[in-house]
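Here is the structure we will look at, set down as structure tokens.
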Amino acid sequence: MIEDDGSARDRVMMARALVIARQSRFIAAPNPHVGCLLVKGDTVISEGRTQYAGEAHAEIMALRAAGTAAAGATVYVTLEPCSHHGRTPPCTDALIEAGVARVVAAMEDPNPRVSGRGLQRLREAGIRVECGLLAEQAEPIIKGFVLRMRRGRGRVRAKLAMSMDGRTAMASGESQWITGAPARADVQRQRAASCAILTGSGTVLADNCALTVRPESFADTLGEAQPPGVRQPLRVVLDSRRRVPATARILSADAPTLLLHATDAPAAALPAHVEQVAIPEGASGLDLTTVMRELATRQCNEILVECGPTLTGALLQAGLIDELIVYMAPCIMGSSARPLLQLPLDAMSDKVKLTTLDVRRVGEDWRFTLVPSAS
Ligand code: AOF
Ligand code: ZN
């Protein structure tokens, strides 16, 4: 029994709802992953989390599991319940019909079709409504969705792996492997939680990478509730001259692939399942802002960049990277090996400033999460 005015209980319940929300991060996109709890007193009557797009939202899952016991319950939900008819009917209507007494939401839904209307509708139905509890934890877990709703494009994170001397490949291009198995499994998890994996033709030609999600490599962290079949993110290849051969692993049929090329690229006979879109060219290569716009139209919340130093450097310089995820391995690759980024700078005043969000050890390697400064 938690003894106070109820606010400690509210925090505990919302913290649990956030845990449940995270369990849907591999399946919910382009929907935000949301967690929901129905509670009476200190007892959790049911839990629900967002299913695949077009299927039930978190609140509906929790209501279904509770049945008639939902009447009079308090609802803890990590995002404002929706009030619109999207791929599914409004959660607000289902909550009202079930007769819940109180709704505690962590944050408003940034979707302009909802944005406060869900909370208002619940209040109008006589339900006690509060919003903002643990918002500082709720927003980061659906950051890509929030950015897509607010600024029109999702979150772009660039993943890099380097040696202690900041090298990412030998002069020959050989780069397998710099980091150990735990770090590579960590990348698999990042991929699985992404809507798109962006790379360049240089990386594809050098590594013949598949860039698919292999759930067996991180099965230990999938959670018991994980439905079978993790979603395969869209593989996006920037290949202005259409140099990637039809036999490349990245064009395999086991995951969707979008090949972006220049308008005047030579014709190529690629497998029919590979979607090809022409993008205008910028100063060097495809116009990267247009590339990101193309991904926004495809409702990509989370975009993981896994490419070589040239494209990563260009994206960083264009201000299109929101976060760098850098794995640093305890090895030295020497001075003829390739650098982390192709970004020629002359003066100390030109240096790109980064803010460290997180540093942690992953197996024998270190993972830095960094945000480029605005200026
Ligand atoms: C909720 N609970 O679990 C989620 C919500 O097309 P639909 O019907 O699936 O609606 C998608 C929108 O619903 C999505 O853009 C976001 O605004 C909201 N997501 N809302 O009540 C949930 N995932
Ligand atoms: Zn909903």
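The table below lists the values:
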{"read-out": "Verdict on Ala192 being modelled with pLDDT under 95 and more than 28 Å from Ala337 (Cα to Cα)", "value": "yes"}
{"read-out": "Enumeration of residues in segment 286-295 that are open to solvent by 30 Å² or more (accessible area, probe 1.4 Å) and touching a residue at least 12 places away in the same chain (Cβ under 8 Å)", "value": "Thr289, Arg293, Glu294"}
{"read-out": "Which numbered condition Ala253 fails, given (1) free of Cβ contacts under 8 Å to residues at least 40 places away in the same chain; (2) in a loop (DSSP other than H, G, I, E, B); (3) over 23 Å from the mean Cα position of the chain (by Cα)", "value": "(3)"}
{"read-out": "Tally, over segment 309-329, of residues that are open to solvent by 30 Å² or more (accessible area, probe 1.4 Å), β-branched (Val, Ile, Thr) and touching a Lys or Arg at 6+ places or on another chain (Cβ under 9 Å)", "value": "0"}
{"read-out": "Residues within segment 52-75 that are within 15 Å of ligand 2 (Cβ to nearest atom) and closer than 15 Å to Val129 by Cβ, tallied", "value": "2"}
{"read-out": "Residue ranges of helices (runs of 4 or more DSSP H) in segment 115-219 with at least 1 members over 21 Å from Tyr327 (Cα atoms)", "value": "117-124, 135-141, 143-151, 201-207"}
{"read-out": "Cβ-Cβ under 9 Å pairs, at least 6 apart or on other chains, segment 296-321 side assigned to a loop (DSSP other than H, G, I, E, B), far side open to solvent by 20 Å² or more (accessible area, probe 1.4 Å) and among the hydroxyl-bearing types (Ser, Thr, Tyr)", "value": "Glu306/Thr203; Cys307/Thr203; Gly308/Thr168; Gly308/Thr203; Ala318/Thr289; Leu320/Thr289"}
{"read-out": "Qualifying residue in segment 49-59 (condition: open to solvent by 20 Å² or more (accessible area, probe 1.4 Å) and closer than 17 Å to Met13 by Cα)", "value": "yes"}
{"read-out": "Which listed residue, of Ala56, Ala17, Ala21, is at pLDDT 95 or above, among the aliphatic types (A, V, I, L, M) and in a loop (DSSP other than H, G, I, E, B)", "value": "Ala56"}
{"read-out": "Residue within segment 222-234 that is among the aliphatic types (A, V, I, L, M) and either in contact with a Lys or Arg (Cβ under 8 Å, 6 or more places away or on another chain) or assigned to a helix (DSSP H, G or I) (or both) present", "value": "yes"}
{"read-out": "Pair list, Cβ under 8 Å, 6 or more apart: segment 267-279 residue under 12 Å from Leu238 (Cα atoms), other residue among the β-branched types (Val, Ile, Thr) and surrounded by fewer than 12 Cβ atoms within 10 Å (Cβ to Cβ)", "value": "Ala278/Thr263; Ile279/Thr263"}
{"read-out": "Options Thr88, Thr78: the member that is buried (at least 24 other Cβ atoms within 10 Å of the Cβ), within 14 Å of ligand 2 (Cβ to nearest atom) and among the β-branched types (Val, Ile, Thr)", "value": "Thr78"}
{"read-out": "Tally, over segment 11-40, of residues that are away from ligand 2 (no atom under 16 Å from the Cβ), under 9 Å from Tyr76 (Cβ atoms) and open to solvent by less than 20 Å² (accessible area, probe 1.4 Å)", "value": "3"}
{"read-out": "Of all residues making up segment 34-69, the number that are within 10 Å of ligand 1 (Cβ to nearest atom) and among the charged types (D, E, K, R)", "value": "3"}
{"read-out": "Of all residues in segment 104-152 being over 27 Å from the mean Cα position of the chain (by Cα) and aliphatic (A, V, I, L, M), the one that is surrounded by the fewest Cβ atoms within 10 Å (Cβ to Cβ)", "value": "Ala125"}
{"read-out": "Total residues in segment 336-374, condition touching a residue at least 12 places away in the same chain (Cβ under 8 Å), surrounded by fewer than 18 Cβ atoms within 10 Å (Cβ to Cβ) and part of a loop (DSSP other than H, G, I, E, B)", "value": "8"}
{"read-out": "Unmet requirement for Ala73, which otherwise passes all of (1) within 14 Å of ligand 1 (Cβ to nearest atom); (2) crowded, with 22+ Cβ neighbours inside 10 Å", "value": "(1)"}
{"read-out": "Enumeration of residues in segment 41-51 that are away from ligand 2 (no atom under 16 Å from the Cβ) and touching a residue at least 40 places away in the same chain (Cβ under 8 Å)", "value": "Asp42"}
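The values are calculated or read from the model by the stated rules, or taken from the named source; none is laboratory data. In this text, all values refer to a predicted model and were calculated from it rather than measured experimentally. Heads up, the Cβs are rebuilt from the backbone with ideal geometry, glycines too, and the neighbour counts pull from every protein chain shown. These accessible areas exclude ligands, DNA and RNA; they are computed on the full protein's heavy atoms, side chains included. Shrake-Rupley method; radii C 1.70, N 1.55, O 1.52, S 1.80 Å.
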